[in-house]
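Structure record follows, encoded as structure tokens.
Nothing in this text is a laboratory measurement; each read-out follows from the coordinates by a stated rule. Nothing here was measured: the structure is a model prediction, and the numbers come from that model. Backbone-built Cβ (ideal geometry, glycine too); neighbour counts: all protein chains shown.
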Amino acid sequence: MSGAEAIVVVQLIDACIGITKTILDIGRAIHDARGLPPQLRALYEHLPIIEELLEKARETCEEGKVTRDAGKSAEPILKQCEQALGELRDIFRKA
């Protein structure tokens, strides 16, 4: 695996972990009304970073900076991360 591929993989994993942690934090905060505002504020502040990370990972794959196999492997992960990000946006719209 080349250095660029490794970076993409690390970015994807980091994004997925970050999204998962944030969703879990919101779930916990919903059960505790006192924790909700700070949790939502923290999540809201991290959304642009997560969006940018996913966008850069997708661009890296589309520009051919990784092997075709790595790009194909990354595609379902990118879709899953983008779906989770969309769900987070929906939570903010509803909140």
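At what distance in nm do the modelled label points of residue 68 and residue 10 sit from each other, each positioned 7 Å from its Cα along Cα→Cβ?
Reported label-point gap for residue 68 and residue 10 is 2.8 nm.
Between residue 79 and residue 51, what is the spin-label point distance in nm, taking each point 7 Å from the Cα along the Cα→C-beta axis?
2.3
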